[in-house]
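Okay, structure first, notes after.
What follows is calculated from the coordinates using simple rules that are stated; it is not laboratory data. Values in this document were obtained by computation on a predicted structure and should not be read as measured data. Note: ideal-geometry Cβ built from the backbone for every residue, glycine included; neighbour counts use all protein chains shown.
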Amino acid sequence: MYMNEKNKTSASTGVLQDFDPSLERTFRGHKGPVNSVVFKPDLKQLASGSEDGSVMVWNFRPQLRAYRFVGHTGAVNDVAYSPSGRLLASASDDQTVRIWLPNVKGDSSVLKGHTSAVRSVSFSASGRELLTASDDKTLKIWSLPSKRFKCSFTGHSNWVRTGAFSPDSTKVASGSEDKTTKLWDVATHTCLNTFYEHSDVVTSVAFHPSNVCLASCGMDKTIKIWDTRSNTLIQHYDAHQDSVNSIRFHPSGNFLISSSSDNTLKIWDLREGHLMYTLQGHQAGANSATFSPNGDFFASAASDNIVMVWRTNFDRPSSSATAGNAGQENTNSNNYSENSSTTAKAKKTTNRTRSSKQRPKTAAARYKAKRPAPPVPSSKPNAPPAPPVAEQNNNSSNDNNAADLSNIANALGFIAKQLEVVTQQMANLERRTQKNEDVIEKLALNAGLKHQHQD
C-alpha cells in the first residue's frame, strides 16, 4: 500500500497512474529481521543480511535458486557489493567482516580488526578499498584485494553506526550514537567537520551523486542534508513517526528514499523539497531501502523477514528496462521468492494541495510553508538556485518539439546503456579467452615435461 502525496491518483476514479511506484517481487527466506539490502550493479542479483546470521543472494531469474551464505556467528548488519559486482561484503555482530564470492559456492574470507560489532561496510568507487564502521568507536579502511588493514578514523565518543565513501572516494562520512555526523579526509585521516544538528543517534549517511552534499538520518525521526563545501544545513525534513533507519539517493540526485521503524518507506523530491510517496508494504519496521544503480527499481528490507523489490516508475514513466525479468511471475518454489505485484494495495488520497490562504494544520507544515527547503546545490561553486518551473506552454508546436527532444534523449540513453552492456560482455569474453589460453598453455607444458621424463 502506498499513499500518494502529490495526488497523482484520479480523484474521480481512484485509478493508479503509470508513474506511481509498484511492487514487483517479494523474497522470503530469512528466518529473522532483515537489516540490509543491496542491488548487484548488473541488476541480476539482490543481496540481503539478516539477524539470523545469514547473507542471502536472490537471483532475479525465476529459474535460479537463491543462495544462502552461512559463516557469521552473529547478526548481519550490512551488506555491500563491490562496483564490479565480483565481491560481496558483510558486516556482523561477531566483530568480523566477510568478503564473499556471490556464486553458488559462496567462498569467503574474513577481515578481523574491530573489537566490537561491525555496523556497516562500504566500497570505494574503484573497489580497491573497503570502509567499515564499528561499535568500537572507529572506522577502518582495508585494501583490496590484499585484504590488509590500511588506516583508522578515530574521533567519535560512542558507537559508530554507519559509514560511507564519497563518490570520488576522497572523503568519508560517518554517523554515531554520540549524535554527530562527521566528514573525514581519506588522505590525511583527519576530521574535516562535525555536524551536531541531530538530537539522537545518527543511523545512516549517504553522499549525493554530485559529491557536494551529504545526507544523514537518525532516531530523532529527521533527515538532514548539508552542503559539504560550506558545511551548512540546506534541507531538513521531519520525516517519520519513528526512527529513520536508512537513506539513499536516487542515481539522478533528484530523489531520496528513507526507511523507518514506523513500517513505512518514503520518497522525497529534493528539487521541490517535499514528500512524494509514503509506501506501506511491510508489516514491521523497515530497516533498509536502496535504489538500483540505474534508478528503475528500489528494494526494501524489514523486520517482517521480507525483502521487497519495487518498480520506481515516477522517474522514467516510459522506461521499459527490467531488473533481470523482475516482473515475471516466479513459479519455482525453491527460489524462496514470489511475485507479489498483486499483494500490495494502493490507497488513493485526496488532493493535499493548499491554497495560499489556507493555514497548515501542523507546526512542521507551517514551518515548511513559511520557509520552503532550498534545492540541492549543483556541483558548480556559487551556482545560483534552480529557476522556478515555467508555466505550461499552450503552444502545441512547442509541446511537440519538447516531446521529440525527450524521445531522442531517451533513445540515446538506451543506446548508451546497450553499448555499456556490449562492452562489458566483450571484456568478459576476452577474460575467458585469456583464461582458456592460460589453461591450454599449462596443459601443453605439463605434457612436454611428462614426455621428457619418459625419455
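With +1 assigned to the C-beta of every Lys and Arg and -1 to the C-beta of every Asp and Glu, and no other charges, what is the dipole magnitude of the stretch 2-339 about the Cα centre in debye, to the nearest 20?
1060
Whole-Hz ³J(HN,Hα) for each residue in the stretch 215-229, computed from phi via Karplus 6.51 cos²θ - 1.76 cosθ + 1.60 with θ = phi - 60°, x for glycine and proline: what do you get?
10, 8, 9, x, 6, 7, 6, 10, 10, 10, 10, 10, 8, 6, 7
Can you compute 3J(HN,Hα) from phi for each residue in the stretch 82-94, using the Karplus curve 6.51 cos²θ - 1.76 cosθ + 1.60 with θ = phi - 60°, rounded to whole Hz and x for Gly and Pro?
After applying 6.51 cos²θ - 1.76 cosθ + 1.60, I find 5, x, 7, x, 7, 10, 10, 9, 9, 10, 9, 5, 7 Hz.
Among ALA91, GLY155, GLY106, pick out the residue whose Cα is farthest towards the positive end of the charge dipole of the stretch 36-191, where Lys and Arg carry +1 and Asp and Glu carry -1 on C-beta, about the Cα centre.
Of the candidates, GLY106 comes out farthest on the positive side.
Using θ = phi - 60° and the Karplus curve 6.51 cos²θ - 1.76 cosθ + 1.60, what whole-Hz ³J(HN,Hα) does each residue of the stretch 30-36 get, with Gly and Pro shown as x?
My calculation for the stretch 30-36 gives 6, 9, x, x, 9, 8, 8 Hz in order.
Counting other beta carbons within 10 Å of each residue's own, what order do HIS282, HIS250 fall into, fewest first?
The most exposed by this proxy come first: HIS250, HIS282.
What whole number of Å gives the distance from the Cα centroid of the stretch 38-87 to the Cα centroid of the stretch 164-191?
When both Cα centres are located, 26 Å separates them.
Give me P(r) over the stretch 2-339, computed from all C-alpha to C-alpha distances, binned every 10 Å, as integer percentages.
The calculated distribution, bin by bin, is 6, 28, 37, 23, 6, 1, 0.
Return the long-range amide H neighbours of PHE69 (sequence gap of 5 or more, or a different chain), with a cut-off of under 5 Å between placed amide H atoms.
Under 5 Å from the amide H of PHE69 lie the amide H atoms of VAL55, MET56, VAL57, each far enough along the sequence or on another chain.
Scan around THR203 for amide H atoms under 5 Å from its own, H built in the peptide plane at 1.01 Å from N, and keep only partners 5 or more places away or cross-chain.
CYS217, GLY218, MET219
Using 32 Å as the Cα-Cα cut-off, could you pick out the over-long pairs in LYS31/LYS147; LYS137/LYS435; LYS44/LYS435; LYS31/LYS266?
Pairs exceeding the cut-off: LYS137/LYS435.
How big is the Cα convex hull of the stretch 254-297 in projection, averaged over all directions, in nm²?
With every direction weighted equally, the projected area is 3.2 nm².
Order of TRP310, TRP142 from fewest to most other C-beta atoms within 10 Å?
Sorted ascending by nearby Cβ count, the order is TRP142, TRP310.
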